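Enquirer: Following this message is one structure expressed as structure tokens.
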Amino acid sequence: MTKSIHENGTAASVYQGSIAEYWNQEANPVNLELGEVDGYFHHHYGIGEPDWSVVEGDAATSHERTTRELHRLETLQAEFLLDHLGNVEPEQRIMDAGCGRGGSSFMAHERFGCSVEGVSLSRKQVDFANAQARERAVADKVAFHQLNMLDTGFDTAGMQAIWNNESTMYVDLHDLFAEHSRLLARGGRYVTITGCYNDVYGLPSRAVSTINAHYICDIHPRSGYFRAMAANRLVPCAVVDLTEATVPYWRLRARSPLATGIEETFIEAYTSGSFQYLLIAADRV
Ligand code: SAH
């Protein structure tokens, strides 16, 4: 464990060392085969109604059709997040906090023409995403850095927008939003899509605890987001409950050869009401 922290110059704690190690070693087909469909690699979940015909018909092509369909749904999720980033001008700069292999960063650059900085603890992800930026000939505008999003060192008020796509459950929200608030320009926009546990049901359910153990993360309560935003000059302007929209993705994934074993736990967590999939957008005031 100590070794991984030394190897990863940015990890500020034993915990962050183990997150970096997890993502350096991660090579699930569900994360790689989906990206290979069109070259946009995502490590997040999907939303929207699947075309269920993909699990039927010719068995030989079903795997490929299901893979394409899961990728279409995860792409829809990223589009939906970017729809909430507001107006971003080509000369402005935005940040993908916890960027994974950078799929959303490239989509954002194509949409806005602006500079995008992606940050991840994982050296492997950062190298992969920078190689993609070079291949796409956008390396002057889209750059990936092995950095801790709690302490990026980027200029104060230099970012017009920041997002976390399924990466807030790895950090303390007060620390995260303090740094985002420092980096965002006044009037800038913050967006997250995240799983959170529903405070109405009290402490995390067994299914939520199972998800935490599976991903070595710490899913926050819904209320924690609004408390930490309010304390850091981030005022919510949109909250969308995507729980119902994500359940079909999980049902399709559970029936696909790409299932990793955590699918039924997500379905149970969401359908029991103890877990929610939320988009929260906020203005930096
Ligand atoms: N947002 C991406 C990846 C989500 S996976 C996508 O939508 O595809 C979670 C990501 O969070 C991983 O890349 C992991 O390295 C990153 N992460 C977790 N804690 C972090 C931290 N403290 N600083 C920077 N990145 C972090």
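Enquirer: Translational diffusion coefficient, Stokes-Einstein: compute it for the chain using the Kirkwood radius over C-alpha pairs as Rh, at 4 °C and 1.567 mPa s, and state it as an integer in µm² s⁻¹. Before the final figure, lay out the partial values.
Expert: Working: Rh = 19.2 Å.
Stokes-Einstein gives a translational diffusion coefficient of 68 µm²/s.
Enquirer: When the C-alpha atoms of the stretch 22-71 are aligned to their principal axes, what extent does each axis show, in angstrom, from largest down?
Expert: Ordered largest first, the stretch 22-71 gives principal extents of 37, 24, 18 Å.
Enquirer: Let me ask you something else. Counting Lys and Arg as +1 and Asp and Glu as -1, what is the net charge of the other residues whose Cβ lies under 13 Å from the Cβ of G224?
Expert: Values: positive: R222, R227; negative: D172, D175, D199, D218.
Overall, the nearby charge balance is -2.
Enquirer: Please compute P(r) over all alpha-carbon pairs of the stretch 62-109, binned at 5 Å starting from zero, and give each bin as a whole-number percent.
Expert: In order of increasing distance, the bins hold 4, 17, 25, 22, 15, 8, 5, 3, 1 percent.
Enquirer: A further question follows. Can you work out the accessible area per residue across the stretch 19-284, with the rest of the protein chains kept in place, probe 1.4 Å, in square angstrom? Write out the running numbers ahead of the final one.
Expert: Numbers: 10610 Å² over 266 residues.
With the other protein chains kept in place, the stretch 19-284 gives 40 Å² per residue.
Enquirer: Also, quick follow-up: Above 19 Å lies some portion of the pair distances; for the stretch 98-157, what is it as a whole percent of all C-alpha pairs? Don't skip to the end; give the middle numbers.
Expert: Values: 425 of 1770 pairs.
Every Cα pair in the stretch 98-157 considered, those over 19 Å come to 24 percent.
Enquirer: So if the hydrodynamic radius of the stretch 1-158 is defined as the Kirkwood radius over C-alpha pairs, what does Stokes-Einstein give as its diffusion coefficient at 25 °C and 0.890 mPa s, in µm² per second?
Expert: Details: Rh = 16.8 Å.
So the translational diffusion coefficient is about 146 µm²/s.
Enquirer: Quick one: grab the alpha carbon gyration tensor of the stretch 121-216, order the square roots of its eigenvalues as a ≥ b ≥ c, and give me rounded if a/c is under 1.5, else prolate or oblate depending on whether a/b is larger than b/c.
Expert: Working: a/c = 2.50, a/b = 1.48, b/c = 1.70.
Oblate is the answer for the stretch 121-216, as a/c is 1.5 or above yet b/c matches or exceeds a/b.
Enquirer: While we're on this one: Based on alpha-carbon positions alone, could you give the equivalent ellipsoid semi-axes of the stretch 148-285 from the gyration tensor, as √(5λ), descending, whole Å?
Expert: 29, 15, 14
Enquirer: While we're looking at this one, here's another question. Could you tell me the relative contact order of the chain? Use alpha-carbon pairs under 8 Å, at least six residues apart, and round to a whole percent.
Expert: Details: 545 pairs, mean separation 54.8, N = 285.
Over the chain, the number comes to 19 percent.
Enquirer: Kindly report, to the nearest 10 Å², the accessible surface of M229 as traced by a 1.4 Å probe over protein heavy atoms only.
Expert: 0 Å²
The values are calculated or read from the model by the stated rules, or taken from the named source; none is laboratory data. Quick caveat, the model's predicted, so the values are computed rather than measured. Note that each Cβ is placed from the backbone with ideal geometry, even for glycine, and that neighbours are counted across all protein chains shown. Remember, those area values only see protein heavy atoms, side chains included, never the ligands or the DNA or RNA. Shrake-Rupley method; radii C 1.70, N 1.55, O 1.52, S 1.80 Å.
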